[in-house]
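J.: Just passing along the structure, written as C-alpha cells.
Rule-based calculations on the coordinates, nothing more; no lab input. What you see is a predicted model, and the numbers here were worked out from it, not measured in a lab. Every residue, glycine as well, gets a Cβ built from its backbone with ideal geometry; the counts of neighbours run over all protein chains shown.
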Amino acid sequence: MPTVAQTTAELAEESRRLNNLIRGKAVKRTKRFRPSELLIEFEDGTRLFVNAVDGGLELSVTEGVAQ
C-alpha cells in the first residue's frame, strides 16, 4: 500500500526519490486521460502518473526498460 508523506522530512525524501527516478530522462509523450490526470512517458518506458486529489497530488512511477 502506498504511503502518504505527512511531514516536511517525508515530503523531502519522496521528492528526492522521485527526482532520482526521472533525472536525465527524455520525455517521449504526455497524455491526459481526465482533467485531473496526467501521464508523462519517458523514452526508456518509465511512466510518471500525476493525479490531482483533494489537498495535493498523487504520484506514481513505473520504471521502464530501454528498448
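J.: Looking at the chain, which chymotrypsin sites (Phe, Trp or Tyr not before Pro) are in a loop (DSSP not H, G, I, E or B) and have at most 12 other Cβ atoms within 10 Å? Write down the numbers at each step before the final one.
T.: Values: sites: F33, F42, F49; in loops: F33.
Those that pass, being in a loop and sparsely packed, are F33.
J.: How far, in degrees from 0 to 90, does helix 8-22 lean away from the longest principal axis of the Cα atoms of the chain, to the nearest 10?
T.: Helix 8-22 sits at roughly 0 degrees to that axis.
J.: Taking GluC sites (Glu not before Pro) as exposed when DSSP calls them loop (any state but H, G, I, E, B) and at most 13 other Cβ atoms lie within 10 Å, what is the longest stretch of the chain free of them, the sites themselves excluded?
T.: Details: sites that count: E43, E63.
Here the longest run is 1-42.
J.: Sticking with the crude label model, points 7 Å out along Cα→Cβ, report the distance from E14 to L38 in nm, one decimal please.
T.: Roughly 1.6 nm, to one decimal.
J.: If you take the alpha carbon radius of gyration of the chain and divide it by 2.2 N^0.38 Å, what ratio comes out, to two decimals? Each step should come with its number before you reach the end.
T.: On the way: Rg = 12.8 Å, N = 67, 2.2 N^0.38 = 10.9 Å.
With N residues counted in the chain, Rg over 2.2 N^0.38 Å equals 1.17.
J.: Right, here's the next one. List the trypsin sites (Lys or Arg not before Pro) within the chain that fall in a DSSP loop (any state other than H, G, I, E or B) and whose Cβ has at most 16 other Cβ atoms within 10 Å.
T.: Numbers: sites: R16, R17, R23, K25, K28, R29, K31, R32, R47; in loops: R23, K25, R32.
Qualifying residues, ordered by number: R23, K25, R32.
J.: Given the -39500 (n - 2.57) contribution per DSSP H run of 4+ residues, what per-residue ellipticity at 222 nm results for the chain, rounded to the nearest 500 deg cm²/dmol? Walk me through the numbers on the way to the answer.
T.: Numbers: 1 runs with 15 residues, N = 67.
Using -39500 (n - 2.57) per qualifying helix, the result is -7500 deg cm²/dmol.
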